[in-house]
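Structure record follows, encoded as structure tokens.
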Amino acid sequence: MTVRVQLIGGPTALIEVGGVRILTDPTFDPPGEHPSGPRVLVKTTGPAVTAEDVGPVDVVLLSHDQHPDNLDTLGREVVRSAPLTVTTEAASGRLDGAVRGLGPWTHLTVPRPDGSELRVHAVPAQHGPDGMEASSGPVVGFVLAGDGLPTIYVSGDNASLRVVEEVAENLGPVDLALLFAGAARTARLDAYLTLTADKAARAAALLGEAPVIPLHSEGWAHFTQGQDDVRDAFAAHGLSDRLRLLRPGESVTLDLEGSTR
């Protein structure tokens, strides 16, 4: 089974699998300042591809709506027009459009062109260290699966290796992982809010032999590590052969095993 992934920029990627086009955390605004509660997040680079150039998608996977580096103004327009957006239960009540909220370990199905189904599982994501849930708000990750399809993990904004291990134990083996890995950090919080480069490499080890595509590791000033750090960390852990590092606008096509589960 062929899977194509294109990095649009930041957390936004286009996944094409089994005849279904899936967009993660849509962020299409140009560079600039984005208020987020008491702080301002600064976007340093715009998307490599516009929403118009991406074209129609079948599903949007939105890890959360409360932070503009995961859903910005133009991203909200994408959600409003998409045939289906899957996100947290809290976000589903705040967004316009065909939005479905899922709690962790629940799923819905999306029809494929051949008459079969793609299952979209919601899985936990921890946006920061233990105890941060109340201030960060709910966040969700996703696992895509289906008969004859590879199993794809999209982490969302997650900083916890325990969460990655739970996903692998409950819905693995994973055939491809898209890990949000920019070591996000803000002045107000003395903690990493997403995976560091080292934790991304350790997460890859927990996920077995799956190739890893890092997302959300460039484009914003509050990211403290970038793609070069991810490359160095995977090399230090002897996992360079697992890493598929994309620059914004680049894509990769992978031939992966289809599942019989």
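The values are calculated or read from the model by the stated rules, or taken from the named source; none is laboratory data. Just so it is clear, the structure is predicted and the values come from calculations on it, not from any experiment. Virtual Cβ from ideal backbone geometry, glycine too; neighbours counted across all protein chains shown. For accessibility, only protein heavy atoms count, side chains too; no ligands or nucleic acids. Shrake-Rupley method; radii C 1.70, N 1.55, O 1.52, S 1.80 Å.
Annotations
- Antiparallel DSSP beta bridges within the chain, as percent of all bridges there, nearest 5: 70 percent
- Carbon + sulfur, % of accessible area of the stretch 33-102 - ligands and nucleic acids excluded, 1.4 Å: 49 percent
- Dipole magnitude (debye, nearest 20) for the chain, charges at Cβ of Lys, Arg, Asp, Glu: 220 debye
- Net charge of neighbours whose Cβ lies under 11 Å from the Cβ of residue 128, counting Lys and Arg as +1 and Asp and Glu as -1: -3
- Among beta bridges that DSSP assigns inside the stretch 123-223, antiparallel share in %, nearest 5: 45 percent
- Computed in the context of the full set of protein chains, the accessible area of the stretch 121-261 at 1.4 Å probe radius has 47% of its extent on carbon or sulfur.
- Charge tally around residue 63: other residues with Cβ under 15 Å, Lys/Arg +1 each, Asp/Glu -1 each, net -4.
- Net lengthening on full extension, residue 50/residue 94 (0.36 nm per residue, minus Cα-Cα): 13.4 nm
- Restricting the trypsin sites (Lys or Arg not before Pro) of the stretch 91-199 to loop positions (DSSP other than H, G, I, E, B) with no more than 14 neighbouring Cβ atoms within 10 Å leaves 94, 188.
- For residue 191, residues with placed amide H under 5 Å, excluding near neighbours: 186
- Per residue, in Å², the accessible surface of the chain once ligands and nucleic acids are set aside, probe 1.4 Å: 39 Å²
- Estimated distance in nm for a label pair at residue 42 and residue 236, the labels positioned 7 Å out from Cα along Cα-to-Cβ: 2.6 nm
- A DSSP coil position with no more than 15 other Cβ atoms inside 10 Å describes the following GluC sites (Glu not before Pro) in the stretch 144-236: 209.
- The local environment of residue 255, defined by Cβ-Cβ distances under 11 Å, has a net charge of -1 under the rule Lys, Arg +1 and Asp, Glu -1.
- Only the Cβ atoms of Lys and Arg (+1) and of Asp and Glu (-1) were treated as charged; on that basis the dipole of the stretch 1-126 about its Cα centre amounts to roughly 220 debye.
- For the stretch 1-141, the square roots a ≥ b ≥ c of the C-alpha gyration tensor eigenvalues yield an a/c of 1.5 or more together with a/b not exceeding b/c, which makes the shape oblate.
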